[in-house]
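A short write-up of the structure that comes next.
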Amino acid sequence: EEYQRTFIANVSHDFRSPLTSIKGYLEAILDGTIPPQMHEKYLTRVISETERLNKLTQGMLTLNTLDSKGYLNRTNFDINRVIKDTAASFEGTCSTKNITFDLTFSDNIQMVYADLGKIQQVLYNLIDNGIKFSHTDSTIYIQASSKYEKIFVSIKDTGIGIPKDSIKKIWERFYKSDLSRGKDKKGTGLGLAIVREIIQSHGENIDVVSTEGVGSEFIFSLPKSTNL
């Protein structure tokens, strides 16, 4: 019950702020406070607020399906290829901040046995965070290395880092550190909670090493494909 109460309080708080913005902008357009020549600018803001609501809803639905375990659809796939494709999808965002990727693979092909769609989501969320908290003209290092029966994937940035007192809390649903609140108002605080639930549902682990002002590194493991 306590958990549900907190969850509902967080949800309503995170829904209220974009809804208030949307309502405010639309009313101001209707009553003429915002002149016609400014409509496009504010309607664009309305769209980005609705996107944020959409992200929140999607995130909550994802967590909901993660809670009802037994949802994994595992196949054998090359993790290197998935890393390359996911990194490539950030080309636009990276060029605005002039961020480059440095990819290192210990073998040309590294087959894992996992849920492809879910692992894409993990990579997407971690790379997205890396970019969000990186400085302009910097590099994000992504590595996939083989050790015993596992493949370890590391995503490392040289950005603002995570304050010491926030490290343990970053995995909580809806948690946003003060640094991330100031950095990006579009975050839902669900990204890392989803990442951890996905990795744990595979029976694997994810860790973070971070120093404020130096950067963060997220490392997770995946089982190697057995039938090679």
Seminar exercise, completed: Scanning the range 113-134 for residues that are polar (S, T, N, Q) and surrounded by fewer than 18 Cβ atoms within 10 Å (Cβ to Cβ), the one nearest to Lys84 (Cα to Cα) turns out to be Gln120
For this session: Could you identify the single residue in Ser201, Ser225 that is more than 18 Å from the chain's Cα centre (by Cα), farther than 18 Å from Ile142 by Cα and surrounded by 15 or more Cβ atoms within 10 Å (Cβ to Cβ)?
Result: Ser225
Exercise. In the range 212-222, which residue that is hydrophobic (A, V, I, L, M, F, W, C) and open to solvent by less than 30 Å² (accessible area, probe 1.4 Å) is farthest from Thr158 (Cα to Cα)?
Worked result: Leu222
Exercise. Got a sec? Which strands (runs of 3 or more DSSP E) wholly within the range 45-157 have at least 3 residues that are under 14 Å from the mean Cα position of the chain (by Cα)?
Worked result: none
Problem set entry | Members of the range 21-59 that are open to solvent by 50 Å² or more (accessible area, probe 1.4 Å), more than 30 Å from Gly191 (Cβ to Cβ) and either of a type in the set (Val, Ile, Thr) or touching a residue at least 24 places away in the same chain (Cβ under 8 Å) (or both) | Thr33
For this session: Consider only pairs whose beta carbons are under 6 Å apart and that are at least six residues apart or on different chains; among these, list those whose first residue lies in the range 133-157 and is touching a residue at least 12 places away in the same chain (Cβ under 8 Å) and whose second residue is surrounded by fewer than 16 Cβ atoms within 10 Å (Cβ to Cβ) and polar (S, T, N, Q).
Result: Thr136/Asn98; Asp137/Asn98; Thr139/Thr100; Gln143/Thr104; Ser145/Ser106; Ser146/Ser106; Phe152/Ser145
Exercise. Which ones in the range 197-211 are charged (D, E, K, R) and either closer than 14 Å to Phe152 by Cα or not in a helix (DSSP H, G or I) (or both)?
Worked result: Glu204, Asp207
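The values are calculated or read from the model by the stated rules, or taken from the named source; none is laboratory data. Because the structure is a prediction, the values reported are computed rather than measured. Neighbour counts are summed over all protein chains in view; Cβ atoms, including those assigned to glycine, are modelled from backbone coordinates with ideal geometry. Only protein heavy atoms, including side chains, enter the accessible area calculation; ligands, DNA and RNA are left aside. Shrake-Rupley method; radii C 1.70, N 1.55, O 1.52, S 1.80 Å.
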